[in-house]
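**Q** Here it is, the structure, as C-alpha cells.
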Amino acid sequence: MVTRQETPGVGGTTDNTTAFAVSDLRVTFGRNQEAPVVKGVNFAVAAGSTLAIIGESGSGKSVSLLAATGLLPGRHVSVSGSATLGSTNLLTRSPRELRSIRGKEIGFVFQDPQSNLHPLKTIGVAIGEAITAHGRVPRKQVCARVLELLGEVGIRNPRQRVDDYPVHFSGGMRQRVNIAAALALGPRVLIADEPTTALDVTVQAEILKLLKKLQNEHGTAIVYVSHDLAVVSDIADTVAVMRNGEIVETAPATQIYRDPLHDYTRQLLTATRHQLPSADSPTRQDRSVSLSLTSVSKHYGKHSTKTETSALKDISLNLHRGEILGLVGESGSGKSTIGRIMAGLIRPTSGTASLSDVVFNAPGDGQLRLPSSIRTDIQMVFQDPYASLNPRRTIASTLAEPLRSFTKPTSAELQHQLRALLARVELPEILLSRYPAQLSGGQRQRVAIARAIALSPAVLIADEPVSALDITTARQILTLLRKLRDELDVSILFVSHDLGVVAALCDTVVVLSEGTIVESGPTRAVFERPAQEYTRRLIDSIPGGGLDRTAADSHHV
C-alpha cells in the first residue's frame, strides 16, 4: 500500500471525531478459507466528511462494507479485524444487536433504485417502515416525518406524492426516496454503494448535490463506493483506492487527483478522463449513408382513450458508413426507442427506417419480418453483458449459432472462424469451452460484440454497452469498438447517457430531449460550442468538475 502522511479521521487512523472505522479487515469465503478476498483493509471516515472507496468490479469494495456491517450472506464466510461505529465494534455484536444498529445508526443507499423499493408499497409506507422498524412511533408522527423527509430530498408536492407507488417515479426520484428512507432516523453514517450508476448524467449530478447538501445540514459521515473517480470528485474529502482486496493508496482527494502515487491510481485517472489511445483514423472519403430514419414517430397507448404518449416525434437522422454516431439524452428521451426501430425490433408509428436506401421498417400491425440480408447487416450489442448471453451455452456454442444459421461452414471452417472471432475481440481461445458465469463482465461484453460482428454486419447498434461495466473495463471496450470500426469499416450507433464516453468515442452526436432532436453535429463542435441550453446543461453535468479543477490548480502551482 502506498502511504502518505496521515490526517485525523483519514485512512486507517481514528480520533474522537471518527464516525466509522475499519481496521485490519479480512474476509474469506469457502470451507477451506485459504484465499482471502479482503486482505487487511483499513479506512476511517470522520463526522461530516466523505470517504470514497474506488476500484474496479471485484476489487472488494462492497464486500468490505457488507462484512463490516454484518450483511454478508452465506454460511462459509469468515470475517476478522474490527469495524467500529464510534466506540462499538460491529464485528463482536450479535445479529439482533446489528439489526438495531443498521438503519438507525448506519443508513444504506444501494445501486439500483428500482429493485430496492417494493413495487406494491407506496413510497410513504416504504419510508414509514424505515422509521417504525426501530420502535413504536405514533402514526401521526410517522406521517409528519415522512412528509418532512420527502421535502428534504427534493420530492415536489410531497402531500400529493406520498401515496404514489415506485412505478410512478423516475429512476432519480426513486433514488431520492431511498435516500429519504436511509436518513429517516438520522444515522451517523451513510453508506452509498454505487448510488448513481444506473442514472443518467443530469440525475446523477442532482443526487450528488443532494447528498452533499444533506451532509452539510446533518453532519453525516458518508462512505461512497464507486468505480469512477470523476463521479466522486465533487463530493469526496478522502479517497481510498482498492484493488484485489487491498487498499493500495489513501489520501485527501485533491492529492489523489493531482499527484497519485500508485500506478493503479494513475490508471484509474486515465480511464476516468476517457483518454483513449490515439488512433487517428484516415479521413473518410466515403460519406454514403448506411442507415437512416425519415420522419419517424413512435407513440404508445391508445389515442382514443387519451392515454397515448409520444416516445419519438418526427425524427430524421443518417448514420454514414464507417461513422460512430453518439445518441445522447436523459432517461426517457427516446434513445433506446430509436435503436430498437433501427434494429427492426419495433415498428414506428409513422416514418421509415432504411438500410442503403432500402426501406425495411415502416408502420404496420404484427411483428416485423426482416429479410435475412437485413438481419445479418444490422446487429445489436445490449447493455447488460450478464443478461445477453445464454447461461447454459458455452461461448463456442453462442458464437457458432449465427455462423451455422447463415453461412453453413464445415466443422473445420467453423473452428477457424471461432478462433478468429475471439482474436478479433482480444480474447484467448481457451474461453471457447467456458460458460458465461466463468467470465468477467468485460469478457462477456467482448463475447457479445464477437457474436454481433460474426456475420460482418454493416451496422452495429450499441445500446449503453459500457454502463454496466467498471471504468477501466469500459475504456477497454470503447477502444475495442473504435478498433473494430477502423478495421471493419462498420457503422456504429452508440446509445449512451454518459457524455464523457460519447465525447471520447464518437465522430458525431445527436442530442435528444423528450423524443425530439435538439442539436446535432460533429462531436467536438457540439461539446465545445453547444448551441442549445439543454445541451449545455448535459455537458455541465458530466462528472469530474472537481477533478478538472484540481488538474487546473496543479498547473498554476
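**Q** Out of curiosity, is Val38 assigned to a strand (DSSP E or B) and modelled with pLDDT under 95? Give the steps one after another, and end with the answer.
**A** Values: assigned to a strand (DSSP E or B): yes; modelled with pLDDT under 95: yes.
Yes: the conditions hold for Val38.
**Q** Keeping to region 147-172, report how many residues are without any contact (Cβ under 8 Å) to a residue 24 or more places away in the chain, assigned to a helix (DSSP H, G or I) and either surrounded by 21 or more Cβ atoms within 10 Å (Cβ to Cβ) or not aliphatic (A, V, I, L, M) (or both). Outline the logic, then answer.
**A** Start the filter on region 147-172 by keeping residues that are without any contact (Cβ under 8 Å) to a residue 24 or more places away in the chain, which leaves 147-148, 151, 156-160, 168.
After this cut, where a residue has to be assigned to a helix (DSSP H, G or I) as well, the list is 147-148, 151, 158-160, 168.
Next, from what is left, pick out any that are either surrounded by 21 or more Cβ atoms within 10 Å (Cβ to Cβ) or not aliphatic (A, V, I, L, M) (or both): 148, 151, 158-160, 168.
Within region 147-172, residues that are without any contact (Cβ under 8 Å) to a residue 24 or more places away in the chain, assigned to a helix (DSSP H, G or I) and either surrounded by 21 or more Cβ atoms within 10 Å (Cβ to Cβ) or not aliphatic (A, V, I, L, M) (or both) number 6.
**Q** Hey, another quick one. Does Pro119 satisfy the criteria of being buried (at least 21 other Cβ atoms within 10 Å of the Cβ) and assigned to a loop (DSSP other than H, G, I, E, B)? Lay out the reasoning, then the answer.
**A** Working: buried (at least 21 other Cβ atoms within 10 Å of the Cβ): no; assigned to a loop (DSSP other than H, G, I, E, B): yes.
No, not satisfied.
**Q** I would also like to ask the following. What do you reckon, is Gly135 outside the structural domain of Gly70 (by TED's automatic domain parsing), farther than 29 Å from Asp228 by Cα and not in a helix (DSSP H, G or I)? Please lay out each step first, then the result.
**A** Working: outside the structural domain of Gly70 (by TED's automatic domain parsing): yes; farther than 29 Å from Asp228 by Cα: yes; not in a helix (DSSP H, G or I): yes.
So Gly135 passes the test.
**Q** Additional query: Of the residues Thr337, Thr376, Thr398, only one is buried (at least 16 other Cβ atoms within 10 Å of the Cβ), of a type in the set (Ser, Thr, Tyr) and under 24 Å from the mean Cα position of the chain (by Cα); which? Write out each step before concluding.
**A** Values: Thr376 fails: under 24 Å from the mean Cα position of the chain (by Cα); Thr398 fails: under 24 Å from the mean Cα position of the chain (by Cα).
Exactly one of Thr337, Thr376, Thr398 is buried (at least 16 other Cβ atoms within 10 Å of the Cβ), of a type in the set (Ser, Thr, Tyr) and under 24 Å from the mean Cα position of the chain (by Cα), namely Thr337.
**Q** Between a first residue in region 510-539 that is of a type in the set (D, E, K, R) and a second residue that is modelled with pLDDT under 90, which pairs have beta carbons less than 7 Å apart while being 6 or more apart in sequence or on different chains?
**A** Close Cβ pairs (under 7 Å, with a partner that is modelled with pLDDT under 90) amount to Glu514/Ser333; Arg537/Thr202.
**Q** Restricting to region 527-557, name every residue that is at pLDDT below 90 and part of a loop (DSSP other than H, G, I, E, B).
**A** Matches in region 527-557: Ser541, Ile542, Pro543, Gly544, Val557.
**Q** Still on this structure: Go through (1) in contact (Cβ under 8 Å) with a residue 24 or more places away in the chain; (2) assigned by TED's automatic domain parsing to the domain that holds Leu208; (3) within 30 Å of the chain's Cα centre (by Cα) one by one and return the number of the condition Arg99 breaks.
**A** (1)
**Q** While we're here: Under the condition of being touching a residue at least 40 places away in the same chain (Cβ under 8 Å) and in a loop (DSSP other than H, G, I, E, B), which residue from region 422-441 is nearest to the chain's Cα centre (by Cα)? Before you say what the answer is, go through the steps one by one.
**A** Step one: list which residues in region 422-441 are touching a residue at least 40 places away in the same chain (Cβ under 8 Å), which gives 424-426, 434-437, 439-441.
Next, only the ones that are in a loop (DSSP other than H, G, I, E, B) stay: 425-426, 434-435, 439-440.
Numbers: Val425: 22, Glu426: 23, Arg434: 26, Tyr435: 24, Leu439: 19, Ser440: 16 Å.
Applying the filter and picking the extreme gives Ser440.
**Q** Is there a residue in region 468-489 that is modelled with pLDDT of 90 or more, farther than 27 Å from Leu293 by Cβ and either assigned to a strand (DSSP E or B) or within 22 Å of the chain's Cα centre (by Cα) (or both)?
**A** yes
**Q** Exactly one condition in (1) touching a residue at least 60 places away in the same chain (Cβ under 8 Å); (2) assigned to a loop (DSSP other than H, G, I, E, B); (3) more than 26 Å from Ala83 (Cβ to Cβ) is false for Pro260; which is it?
**A** Unmet condition: (1).
**Q** Need the failing condition index for Leu51 against (1) in a strand (DSSP E or B); (2) within 25 Å of the chain's Cα centre (by Cα); (3) farther than 23 Å from Gln204 by Cβ, just the number.
**A** The one condition Leu51 does not meet is (3).
**Q** Filter region 433-456 down to residues that are in contact with a Ser or Thr (Cβ under 7 Å, 6 or more places away or on another chain) and closer than 13 Å to Leu422 by Cβ, then give me how many there are.
**A** Narrowing region 433-456 to residues in contact with a Ser or Thr (Cβ under 7 Å, 6 or more places away or on another chain): 433-435, 441-442, 447-448, 451, 455.
Narrowing the set further to residues that are closer than 13 Å to Leu422 by Cβ leaves 433-434, 447-448, 451.
The number of residues fulfilling the criteria is 5.
**Q** Show the residue pairs meeting these rules: Cβ distance below 8 Å; 6+ apart or different chains; first residue within region 234-246 and more than 14 Å from Pro36 (Cβ to Cβ) and of a type in the set (Ser, Thr, Tyr); second residue in a loop (DSSP other than H, G, I, E, B) and modelled with pLDDT of 95 or more.
**A** From region 234-246, the pairs are Thr238/Ser49.
The values are calculated or read from the model by the stated rules, or taken from the named source; none is laboratory data. What you see is a predicted model, and the numbers here were worked out from it, not measured in a lab. Here the Cβ is made from the backbone with ideal geometry for all residues, glycine too, and neighbour counts use every protein chain on show.
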